[in-house]
1. Over the alpha-carbon set of the stretch 1-118, work out the extent along each principal axis and list the three values in angstrom, largest first.
2. What trypsin sites (Lys or Arg not before Pro) does the stretch 49-141 have in DSSP loop regions with at most 11 other beta carbons within 10 Å?
3. Using θ = phi - 60° and the Karplus form 6.51 cos²θ - 1.76 cosθ + 1.60, what ³J(HN,Hα) does each residue of the stretch 28-41 get, whole Hz, x for Gly and Pro?
4. Would you mind giving the three semi-axes, in whole Å and largest first, of the ellipsoid equivalent to the chain according to its Cα gyration tensor?
5. Over the stretch 32-94, consider all pairs of different Cα atoms and compute the Kirkwood hydrodynamic radius from their mean reciprocal separation; express it in Å, one decimal.
6. With the cut-off at 26 Å, tell me which of the pairs LYS84/LYS247; LYS84/LYS226; LYS217/LYS350; LYS176/LYS350; LYS136/LYS319 have Cα atoms farther apart than that.
7. Non-local amide H neighbours of ARG110 (under 5 Å, H modeled in plane, Pro and chain starts lacking H): which ones?
8. Treating the stretch 221-326 as a set of equal point scatterers at the Cα positions, no solvent, please give the Debye-formula log₁₀ I(q)/I(0) at q = 0.22 Å⁻¹.
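What follows draws every value from the coordinates through simple rules; no lab data is involved. Note that the coordinates shown come from a computational prediction; the quantities given were computed from them, not determined experimentally. With ideal geometry, Cβ positions are generated from the backbone for all residues, glycine too; neighbour counts draw on all protein chains shown.
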Amino acid sequence: MQLLTEKYDVIVVGGGVAGVNAAAEARSVRPSSSVALVADESTVYSRPSLTAAIAGLVNSVDDVAIYSGKSLKDLGITSYFSSKAVSLDSDSRTIVLRSQDREEPLKYRRLVLATGSTPALPRVHGLDLKGVFSAKWIDDALRLSNAATPGMRACVVGAGFIGLEVTQALFRRGLKVTLLEMRPRVLPELLEPDLSTRVKEQLERFGVEVLTGSLLKGIHGKSQVKYASVSGRRLKTDLVVFATGVKPNTELAVIGKVKLGRTGAIATDQRMRTNKESIYAAGDCAETLDLVTGKVVYRPLGTAAARSGVIAGSNAVGKRREYAGYLRRQYDRIFGIEIVSMGLSTHQAKT
């Protein structure tokens, strides 16, 4: 006997802040709606907890879980954890989930793609060596934490906020850290040159080696990382951690023939609708509007993801909500310095 395909008013694909907000908002706006959340990880957790894990303050994913299957059920949301959406047919409004070796079709009335992003790694030799990590997923963060030992040498690639946070976490673990940035300064997109210089000087006061304007050419070792080649220099290191930004995860969108924008992320309007009538997109996989310029941008930030998820979830159940654009706001405390960046930098304004 063939099993009936489960049907939902709204299916949200993605277990990050955009996905959870979309699912919760859909249920809140229209409590009678059947809502499902699909996530390829085992639980929903806070992304800022990644650096806490690297710092050794977190022992397992359960320590940072925000929503479990039970807590989502209490909200009226059906969860499909550790399940990957591998197919999307927008004509029949069907997705196919794969969990281990089992595949299961689900039908939807409205779909929210909140598939997030993936690490934007440079194409260099040695990415598969033991001791190479990316600062993106909780499992990677926990593995890095287990590998980090006081006295080790670590090379952090990328001097944005994530790179600085990882540098600080490893420094506090007693590692000797080199921070590598291919552009001329740290936080190049966020701070003016004089402020960037102050941050760099603060890191150096704590003993962090900061190499700006330096390009990673390759990672070397037989099976374990031994050194990195950096702009003609051989940098001895035991660990290499990539914090080189992200790119939109649009794999499922492409399968479903959902239109991508000029940035490579999913194109949406002010209601987070895509070119497919029944499909919305939110978070790191989607484009947004900049509030200052009114231009379409790709801005993978938690604050924007949270807001876009709410808008997408609301519209998916029939409540019309729009946005005029997002104002970028970022804050962090790095090596005792409070860093706040808002709106456009001079460089961004010129471009």
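1. Principal-axis extents of the stretch 1-118 (Cα, largest first): 49, 35, 27 Å.
2. Those that pass, being in a loop and sparsely packed, are ARG123.
3. Each residue's phi maps through the Karplus curve to give 5, 5, 9, x, 7, 6, 8, 10, 10, 10, 10, 9, 7, 9 Hz.
4. Whole-Å semi-axes of the equivalent ellipsoid: 37, 23, 18.
5. Working: mean 1/r = 0.0739 Å⁻¹.
Across the stretch 32-94, the inverse of the average 1/r is 13.5 Å.
6. In this structure, LYS84/LYS226; LYS217/LYS350; LYS176/LYS350; LYS136/LYS319 lie more than 26 Å apart at Cα.
7. VAL10, ILE11
8. Each listed q maps to, in turn, -1.11.
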